[in-house]
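Written out below as structure tokens is the structure these notes cover.
The values are calculated or read from the model by the stated rules, or taken from the named source; none is laboratory data. If you're wondering where the values come from, they're calculated on a predicted model, not measured in any experiment. As a convention, Cβ positions derive from the backbone with ideal geometry for all residues, glycine included, and neighbour counts pool all protein chains shown.
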Amino acid sequence: MSEAENKELVLRFWSAVYEERDYEAVGRFFHDDGVYEDVPIPDGSGVGPAGIARRLALGHEPVEAFEHEVIRMLAEGDSVITEHVETWKFHTGEVIPLPFCSVHVVRDGKFSLWRDYSNMATVLENAPAWWLEHIAKAKPEDFRS
């Protein structure tokens with residue numbers, strides 16, 4: 001795929017994540033051996049379409065709404081880097097703007113890797129206690145296809 005096609009794939013992915021909130025569709029963007037790595041979280045990875053979908057849904061489903069702003073997107077070869085801000089809105093009133101840098105590696109029209117870089121302290125210091133308790137119940141083996 002061309003660099004422009006890779007960027008378009010990432011934009012469709014962001015739409016599935018933040019607008020449609022369709023985590024099964026999110027999984028279909030990945031190869032069977034695809035990996036999602038949430039860099040600041042130990043054992044924060046998901047592997048395979050179903051594992052990645054479950055990993056993302058764990059944190060996202062309890063959030064009432066998202067705003068997503070792409071600041072810039074760069075592509076070189078098979079890699080796309082996105083600087084973006086996710087604003088998480090909880091039904092209990094908390095609102096957390098969370099800046100990210102995300103790296104996607106595209107192979108044959110799907111992702112082989114998605115790596116997120118963020119400041120996890122932003123979430124930990126501002127998220128509601130009930131959400132943090134929900135996240136703490138997860139086990140790394142839950143996110144392997």
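Before moving on, here are some points about what is shown:
- Only one of the listed residues (Glu64, Glu8) is surrounded by fewer than 17 Cβ atoms within 10 Å (Cβ to Cβ), more than 30 Å from Pro128 (Cα to Cα) and out of contact with any Leu (no Cβ under 8 Å at 6 or more places or on another chain). That residue is Glu8.
- Of everything listed in (1) at pLDDT 95 or above; (2) closer than 23 Å to Lys7 by Cα; (3) surrounded by 13 or more Cβ atoms within 10 Å (Cβ to Cβ), the single unmet condition for Ala25 is (1).
- So Gly48, is it at pLDDT 95 or above, surrounded by 14 or more Cβ atoms within 10 Å (Cβ to Cβ) and on the phi > 0 side of the Ramachandran plot: yes
- Subset of the range 87-118 [within 21 Å of Glu133 (Cβ to Cβ) and not hydroxyl-bearing (Ser, Thr, Tyr)]: Trp88, Lys89, Phe90, His91, Gly93, Glu94, Val95, Ile96, Leu98
- Candidate set from the range 105-118 (those that are over 17 Å from His60 (Cα atoms) and not hydrophobic (A, V, I, L, M, F, W, C)); member that is surrounded by the fewest Cβ atoms within 10 Å (Cβ to Cβ): Asp108
One line per residue, one yes/no per condition, for (1) under 19 Å from Tyr23 (Cα atoms); (2) free of Cβ contacts under 8 Å to residues at least 12 places away in the same chain; (3) touching a helix residue (DSSP H, G or I) at 6+ places or on another chain (Cβ under 6 Å):
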| position | (1), (2), (3) |
| --- | --- |
| Ala53 | yes, no, yes |
| Glu64 | yes, no, no |
| Glu86 | yes, no, no |
| Leu98 | no, no, yes |
| Asn126 | no, no, no |
| His134 | yes, no, no |
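- Screening Glu69 on (1) assigned to a strand (DSSP E or B); (2) surrounded by 15 or more Cβ atoms within 10 Å (Cβ to Cβ); (3) without any contact (Cβ under 8 Å) to a residue 60 or more places away in the chain shows it passes everything except condition (2).
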